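The values are calculated or read from the model by the stated rules, or taken from the named source; none is laboratory data. As the structure is a prediction and not an experimental result, all values here were calculated from the model. Methodologically, a virtual Cβ is constructed for each residue, glycine included, from the backbone with ideal geometry; neighbour enumeration extends over all protein chains shown. We work out accessible area using only protein heavy atoms, side chains counted, and drop any ligands, DNA or RNA first. Shrake-Rupley method; radii C 1.70, N 1.55, O 1.52, S 1.80 Å.
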Amino acid sequence: MTTAIIGTGNIGGTLARHLVRGGEPVVLAAKDEANATALAQELGELARAASVEEAIAEADAGVFAVWLDTMKELIASDGRLLENKVVIDPSNPLGFDASGQMTRTLPEGESAGSVVAALLPAGAHYVKAFGTLAADSLATAANREPRAVLFYATDDDTAAKAVERLIQTAGFEPLNVGGVTDAVRIEMPGGDLHQASLNGAILDLEEARSAVAANPSA
Ligand SMILES: NC(=O)c1ccc[n+]([C@@H]2O[C@H](COP(=O)([O-])OP(=O)(O)OC[C@H]3O[C@@H](n4cnc5c(N)ncnc54)[C@H](OP(=O)(O)O)[C@@H]3O)[C@@H](O)[C@H]2O)c1
């Protein structure tokens, strides 16, 4: 089993390191293929670099560790390649205004997950995951005892099975928060289960289950 990681920046690079440490073969793609090649060389024989199209074609599952606007562009250009693939999406509805300030790019209550899921071909297996911690926390919290939780949201059993395996391989504990309509809870800004709304806390399984049950919007 090979996992594609599209985008090798803060999230994609961190995740690639964790997955390779866990024994997972990865194929890496970036905007500039030289960036993916450099990371693949650092990670050794379990990693290789490819174009976005090759990476998607080669893997059963792909983590799209890119910004939401890039994700939309990639689906527009390569959507046909995503039939029968597990599409893992860590994106948040964030952008930057003219002064460099972070801003929300979608209306309140609308998740990046719902936008991405609606753009995918019907045969793709969509899951929102790997975006619930800040990248520096994702980097440092792997393989803790007890394990730190990474939340995910999906309506798709194939995607759930695949992402649970990858979250465990990366050194974390998976916890499902619900379907795509619940993705809004694990995105920032505003999602009650995103680390940014938890005062930076990184939760173990017991704490995470309590947080999921305390649904403020229910
Ligand atoms: N950073 C965080 O703390 C954090 C936390 C949670 C969720 N997220 C979400 O995770 C996603 C990635 O964030 P990040 O901080 O990792 O971003 P980042 O460091 O800016 O990395 C973005 C990556 O996307 C690649 N990319 C851009 N255009 C591409 C294209 N057309 N085809 C293929 N790859 C392309 C870039 O390639 P190059 O390397 O060649 O430029 C880069 O590797 C975002 O949606 C963000 O909202 C981020």
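Across region 1-103, Cα-Cα pairs more than 19 Å apart make up 39 percent of the total. Taken along its principal axes, the alpha carbon cloud of region 164-218 reaches lengths of 31, 24, 20 Å, longest axis first.
Its relative contact order, with pairs defined as Cα atoms under 8 Å and 6+ residues apart, puts region 112-218 at 29 percent. With a ≥ b ≥ c taken as the square roots of the eigenvalues of the C-alpha gyration tensor of region 47-117, please select rounded if a/c is under 1.5 and otherwise prolate if a/b is larger than b/c or oblate if it is not? In terms of gyration-tensor shape, prolate. Close amide H contacts of LYS85 (hydrogens built in the peptide plane, cut-off under 5 Å, sequence separation of 5 or more or a different chain): HIS125. Estimated translational diffusion coefficient (Stokes-Einstein, Kirkwood radius over Cα pairs, 20 °C, 1.002 mPa s) of the chain: 125 µm² per second.
Helix-only arithmetic for the chain: the sum of -39500 (n - 2.57) across DSSP H runs with n ≥ 4, divided by the residue total, places the mean residue ellipticity at 222 nm at -10000 deg cm²/dmol.
At each listed q (0.24, 0.25 Å⁻¹), what is the log10 of I(q)/I(0) that the Debye formula gives for region 46-85 modelled as equal alpha-carbon point scatterers? So the normalised log intensities work out to -0.86, -0.93.
Once backbone amide H atoms are built at 1.01 Å from N, THR105 has LEU94, GLY95 as its partners under 5 Å, excluding neighbours fewer than 5 places away on the same chain. Note: relative contact order over the chain, using C-alpha pairs below 8 Å and six or more positions apart, is 18 percent. Heavy-atom accessible area for ASP136, with the other protein chains in place and a 1.4 Å probe, reaches approximately 110 Å².
Split the accessible area of region 60-124 by element, probe 1.4 Å, and carbon with sulfur accounts for 53%.
Each Cα pair under 8 Å and six or more residues apart adds its sequence gap; the mean of these over the residue count of region 47-92 is a relative contact order of 51 percent. Quantify, in whole percent, the carbon and sulfur part of the accessible surface of region 145-190 (1.4 Å probe; protein heavy atoms only). Answer for region 145-190 is 47 percent, counting heavy atoms of protein chains only. Between SER137 and THR2, the modelled labels are 3.4 nm apart [label points 7 Å from Cα along Cα→Cβ]. Measuring with a 1.4 angstrom probe and ignoring ligands and nucleic acids, MET102 comes out at about 100 Å² accessible.
Beta-bridge orientation, region 1-106: approximately 20 percent antiparallel, per DSSP, counting only bridges with both partners inside.
Once the 1.4 Å probe is applied to the protein heavy atoms, the chain comes out at 45 Å² accessible per residue.
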